[in-house]
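Asks: Below are the structure tokens for one structure; questions will follow.
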Amino acid sequence: MEMLPDDASNEVTAHVVIFPLPIQGPVNCMLKLAEFILSLSQTAVAVTFLNTEFIQHRLDLHSPAAARLARFGSRFGFATVPDGFGSFENPRGALQIADITNFLGVQAQTAGSRLRELLAYGLAGPGCKPVTCVIADGLFWFMADVANEIRVPLVYFDTISPCGLWTCLCVPKMLHAGDLPFPGDDMDAPVTSVPGMETYLRRRDLPTFCRDYDPNKPVAQLILKEAQHYSSAQGHILNTFDDLEGELLSHMHPLSPNLYTVGPLHLNLTTRLEQEQPESVDRPLSFSNSIWQEDRSCLTWLDAQPSKSVLFVSIGSLAFMTKDQLFEFWHGLLNSGTRFLWVRRPNSVIDVVDEAQLKISDEVLEGTKERGWIVKWAPQEEVLKHRAIGGFLTHSGWNSTLESIVEGVPMICWPFTFDQQVNSRLVSEVWNIGLDMKDTCSRHMVETMIKDLMDTRKDEFLSKVDCLAKLATHAVSPVGSSYNQLNRLIDDIQFKRFSIPSDAP
């Protein structure tokens, strides 16, 4: 474990521990937030970034984040804790999140444990300033109790979408109204007990744990506890901008008057750097914090493709599909006649142990060679910026959705889990910037939607998403809401304006 040296700067007046949910999306977001805090606070704030050992191992292998953050010297350091899953070879996907969170919760609440000490003191060493604030993932409901016990202010950062978060916080309302558990099996029946979403929310658009809702299941218990403890934090950070989700945010304010809407976070970060270093040749094109090795050969391939002719296909770092679903996607892509760049993550096909088991036909291989490119992982921010990209077939993760909006790229949504179901509904029915393909992936449906997105309705979708892209750019400008909310957050951290919790929830 890295330690702050004895000669740490006397100018440091605040010390933040950042504690993300140990999966790609939250870690990516919170590393960006760490860069913001360190760069905008000048020398006033130190940051301890608290990872599980597995996530830190993946970052050390593949991410340039550590090298970028090294420029802050003794004001920044990583610290690690186990996640309860032992060997790095053991699976850590969507199905393990509840178990990992519960393990971390027990450790955080155990006096004398390594995690408890890190939350209270950050990086060990006589030169380290005491912790003055903890920023934790919103799913870490237990942090409300821990923060109260160690007398440190708590700010939750829910890196999922606010629309998805709001549906989770409304689970008690849905239970009271009888919308949960589902009465009957009509998945298109409306859900009217989520304020602000009454006109478009259906059962199939709710987070996936609602589909067979059981209060005794670990994920359901996590959500109920998050809803119970949400208001106990001294602040809440949201990766969104007011013009995108203002109506829903108005419903959330009574639960947390101290909301910081700082998104799109990645655009906010690149915009600030452009302002500070307008002529710098060293400024990166993106701030990738990927825990997977990126194959940059796809950018060279994109350079040779016509403008807005390529569909980018990626279902994220956690989603998986069956062999049958894989081939439905593949045939749909080929039958559409569209060029495509496809991210096929290793081990993402759950009923195939070895690639040779797929028995890919010569016809499929030849069609892919003619107009497709397949990689194991891609530098997504750079791909979406590329002039050749005309659409995105996505799992509808919130980072991916925001990145697509920022670059003006329409979407076909094939959501996998949790808030992705909600996000895809807003993409298609509220913002009208794409199509929702949830709960199906027949080759005919894939082909039809690709043709709609890339050809038949291309101009319609491009016009709508371009409007949102402009609003996102305005939000992170010096007169924008996200720009100023980020300044407020940094000031509140630097000048320790958060109150110390007084009572456990």
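Every number in this text was worked out from the coordinates using simple rules, so none of it is lab data. Every value quoted in this text rests on a predicted model; they were computed, and no experiment measured them. Glycine gets a Cβ as well: all are built from the backbone with ideal geometry, and neighbour counts include every protein chain shown.
Asks: Just to confirm the filter: which trypsin sites (Lys or Arg not before Pro) across the stretch 359-403 are DSSP coil and have at most 13 other Cβ within 10 angstrom of their Cβ?
Replies: In loop regions of the stretch 359-403 (DSSP not H, G, I, E or B), the sparsely surrounded trypsin sites (Lys or Arg not before Pro) are Lys359, Lys376, Arg387.
Asks: Within 10 Å of each candidate Cβ there may be at most 15 other Cβ atoms; applying that plus a DSSP loop requirement, which trypsin sites (Lys or Arg not before Pro) in the stretch 124-222 survive?
Replies: Sparse-neighbourhood loop trypsin sites (Lys or Arg not before Pro): Arg151, Arg211.
Asks: Turning to a different aspect of this structure: May I ask you to evaluate 6.51 cos²θ - 1.76 cosθ + 1.60, the Karplus curve with θ = phi - 60°, for each residue of the stretch 213-220 and list the ³J(HN,Hα) values in order in whole Hz, giving x for glycine and proline?
Replies: With coefficients 6.51, -1.76 and 1.60, one gets 4, 9, x, 8, 6, x, 5, 4 Hz.
Asks: Ranked by Cβ crowding within 10 angstrom, fewest neighbours first, how are Phe418, Phe72 ordered?
Replies: With the sparsest Cβ surroundings first, the list reads Phe72, Phe418.
Asks: At 7 Å along Cα-to-Cβ for each site, give me the label-to-label distance between Asp439 and Thr199 in nm.
Replies: The answer from the label model is 2.3 nm.
Asks: Which order do peptides 469-476, 75-82 fall in by mean Cβ count within 10 Å, highest first?
Replies: Ranking the peptides 469-476, 75-82 by packing returns 75-82, 469-476.
Asks: Here is a further query. Can you give me the Cα centroid spacing of the stretch 432-483 and the stretch 107-183 in angstrom?
Replies: Using only Cα atoms, the two centres lie 33 Å from each other.
Asks: If you rank Ser317, Ser442, Ser482 by fewest surrounding Cβ atoms within 10 Å, what's the result?
Replies: With the sparsest Cβ surroundings first, the list reads Ser442, Ser317, Ser482.
Asks: Can you give me the Kirkwood hydrodynamic radius for the stretch 132-284, using every pair of distinct Cα atoms, in Å to one decimal?
Replies: One decimal place: 17.2 Å for the Kirkwood radius.
Asks: For the stretch 297-472, what is the per residue volume of the convex hull drawn over the alpha-carbon atoms, in cubic angstrom?
Replies: Once divided by residue count, the hull of the stretch 297-472 is 106 Å³.
Asks: Which of the peptides 430-441, 398-409, 187-198 is most tightly packed, and how do the rest follow, going by the mean number of other Cβ atoms within 10 Å of each residue?
Replies: 398-409, 430-441, 187-198
Asks: Angle check, please: helix 97-108 long axis (alpha carbons) against the longest principal axis of the chain (alpha carbons), in degrees 0 to 90, nearest 10.
Replies: On a 0 to 90 degree scale, this one is about 0.
Asks: With N set to the number of residues, divide the alpha-carbon radius of gyration of the chain by 2.2 N^0.38 Å and report two decimals.
Replies: 0.95
Asks: Would you grab the residues whose amide H sits under 5 Å from the one on Thr261? Only those 5+ places off in sequence or on another chain, please, with H modelled 1.01 Å from N.
Replies: Amide H neighbours of Thr261: Leu238.
Asks: Using amide H atoms built 1.01 Å from N in the peptide plane, name the residues 5+ places from Gly235, or on other chains, whose amide H lies under 5 Å from its own.
Replies: For Gly235, whose amide H was placed from the backbone, the distant partners under 5 Å are Tyr156.
Asks: Checking the cross-link filter: which lysines have an alpha carbon closer than 19 Å to that of Lys32, excluding same-chain neighbours under 8 positions apart?
Replies: Lys385
Asks: What 222 nm value per residue comes from the helices of the chain, counting each DSSP H run with n ≥ 4 as -39,500 (n - 2.57) and dividing by all residues, nearest 500 deg cm²/dmol?
Replies: -12000 deg cm²/dmol
Asks: A further question follows. Using each residue's phi in the stretch 389-395, evaluate 6.51 cos²θ - 1.76 cosθ + 1.60 at θ = phi - 60° and report the 3J(HN,Hα) Karplus result to the nearest Hz, with x for Gly and Pro.
Replies: Computed from phi, the couplings for the stretch 389-395 are 7, x, x, 9, 8, 10, 7 Hz.
Asks: Starting with the highest mean, order 246-259, 27-40 by the number of other Cβ atoms within 10 Å, averaged over the residues of each peptide.
Replies: Packing order, densest peptide first, comes out as 27-40, 246-259.
Asks: I need to check one value: relative contact order of the chain, counting alpha carbon pairs closer than 8 Å and at least 6 residues apart, in percent.
Replies: 17
Asks: Efficiency by 1/(1 + (r/R0)^6): what FRET value for Leu255 and His57, r their Cβ-Cβ distance, R0 = 30 Å, to the nearest 0.05?
Replies: Efficiency computed from Cβ-Cβ geometry: 0.25.
Asks: Could you run the Karplus curve 6.51 cos²θ - 1.76 cosθ + 1.60 with θ = phi - 60° over the stretch 253-264 and give me ³J(HN,Hα) per residue in whole Hz, x for Gly and Pro?
Replies: 4, x, 7, 8, x, 9, 9, 10, 8, 10, x, x
Asks: So which aspartates and glutamates pass the test for Lys458, namely a Cα distance under 13 Å, with those fewer than 8 places away in the same chain ruled out?
Replies: In chain and number order, the partners are Asp466.
Asks: In addition: Please report, in debye to the nearest 20, how large the charge dipole of the stretch 297-472 is about its Cα centre when each Lys and Arg carries +1 at its beta carbon and each Asp and Glu carries -1 there.
Replies: 260
Asks: Trp342's amide H: which non-local residues (gap 5+, or another chain) put their own amide H closer than 5 Å, with H modeled 1.01 Å from N in plane and none for Pro or chain starts?
Replies: Val313, Trp373, Ile374, Val375
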